[in-house]
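Everything on this sheet refers to the single structure shown next.
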Amino acid sequence: MRVRKVAHADLAHAMREDWVDPGRRPHVSAGIAYVPVRDGYRSDLEIDEPARYRGRGFFMLGDVAVMHGTPPSKDELEKIITLRNPRGIVLIHAVDSPTRIPDCEILYGECGEVRHKENGYTFVLDPCRVMFSQGNLSEKQRMADLIRAGKGQERVADMFAGIGYFTIPMAGAGASVHAIEINPVAFNYLEQNIVINDLSNRISPSLGDCRTMLTGTYDRIVMGHFDAIAMLPYALPHARAGTIIHLHSIGSTEEDIRSQLAGAGFSADIRVHKVKKYSPHAWHVVQDILIT
């Protein structure tokens, strides 16, 4: 397999390049990603294609493997252990709303706190105590890219900050972020992650209900919760012409958004951005709302 070597921290950016072969997965080892190359493009070296894992899907948070849905078979567990040698394997049955506390079962080993690296940032968390969505990787990077593409420093509200999934990369890209989180456990990790990533001068964390903690007006408001449409009336008083709101939902809620905007005296340009498949017939989407 022809590959190019890319630093693991730069993998998300690299995967958007034209030279990447989308039919093969990158192989990561010791902080280096070996990214498959399309025919006709330059490669750095040729490696044996890694054996494919064909069992239940999982992802790594630090040294802990995380799974969702139905329990894996004994054979699938053994394959994951052989492939990744995790400290533990965790099954997330569901996530409570609005605090997003996981219903967690440890299938192998132990869990506890992990240090997870993503897009060049470090996140400390316990997968059995707080939610972490690996599937939002490209959306987190998109938020950072939008901040970098903007003119000047933006004032941003992250209404459902969690442990800093969106807050950290947006602040790292130059924004001044007001990060609000209602769950005290997640908020504690948020404060730790702000310090670990040396972003205390760009992030103002607030513990409490985002409906009562927004202040002033913002250039950008991130609403990264599937119930965000119900919170839109609390965000609109803190928007102005030119504010961009990123509202997450399962399936488009554009009609409801336009109705609420009209009631507040706003109009908007709305673009729907797909994040990932949520179920066979539904998508996790983000509505990018440019207030006009």
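The values are calculated or read from the model by the stated rules, or taken from the named source; none is laboratory data. None of the values given here were measured: they were computed from a predicted structure. Cβ atoms come from the backbone with ideal geometry, glycine included; neighbour counts cover every protein chain shown.
Here the condition is being more than 24 Å from residue 131 (Cα to Cα), assigned by TED's automatic domain parsing to the domain that holds residue 150 and of a type in the set (Gly, Ala, Ser); of 230, 241, 235, it holds for 241 alone.
Among the residues of region 64-88, just one is within 13 Å of residue 105 (Cβ to Cβ) and among the polar types (S, T, N, Q), namely 70. For residue 55, the conditions (1) exposed (fewer than 15 other Cβ atoms within 10 Å of the Cβ); (2) touching a Lys or Arg at 6+ places or on another chain (Cβ under 9 Å); (3) closer than 24 Å to residue 111 by Cβ; (4) not β-branched (Val, Ile, Thr) are fulfilled apart from (1).
When region 67-116 is filtered for residues that are surrounded by 14 or more Cβ atoms within 10 Å (Cβ to Cβ) and among the basic types (Lys, Arg), the ones remaining, listed by number, are 79, 84, 87, 100.
With a requirement of 1 or more residues that are in contact (Cβ under 8 Å) with a residue 40 or more places away in the chain and among the β-branched types (Val, Ile, Thr), the strands (runs of 3 or more DSSP E) lying completely within region 1-101 that satisfy it span 2-7, 64-68. Every listed requirement among (1) at pLDDT 95 or above; (2) surrounded by 14 or more Cβ atoms within 10 Å (Cβ to Cβ) is met by residue 259 save one, (2).
Out of everything in region 235-287 that is touching a residue at least 40 places away in the same chain (Cβ under 8 Å) and not in a strand (DSSP E or B), what residue ends up being nearest to residue 143 (Cα to Cα)? Applying the filter and picking the extreme gives 243.
Table: residues versus (1) in the same structural domain as residue 202 (by TED's automatic domain parsing); (2) small (Gly, Ala, Ser).
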{"position": "118", "(1), (2)": "no, no"}
{"position": "139", "(1), (2)": "yes, no"}
{"position": "143", "(1), (2)": "yes, no"}
{"position": "150", "(1), (2)": "yes, yes"}
{"position": "154", "(1), (2)": "yes, no"}
{"position": "157", "(1), (2)": "yes, yes"}
{"position": "161", "(1), (2)": "yes, yes"}
{"position": "166", "(1), (2)": "yes, no"}
{"position": "169", "(1), (2)": "yes, no"}
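Of the residues making up region 233-241, none is at pLDDT 95 or above, crowded, with 16+ Cβ neighbours inside 10 Å and under 16 Å from the mean Cα position of the chain (by Cα). Note on region 1-25: among residues that are of a type in the set (Gly, Ala, Ser) and exposed (fewer than 14 other Cβ atoms within 10 Å of the Cβ), the one that is farthest from residue 57 (Cα to Cα) is 7. Do we find that residue 64 is crowded, with 17+ Cβ neighbours inside 10 Å and within 24 Å of the chain's Cα centre (by Cα) in this structure? Yes, satisfied.
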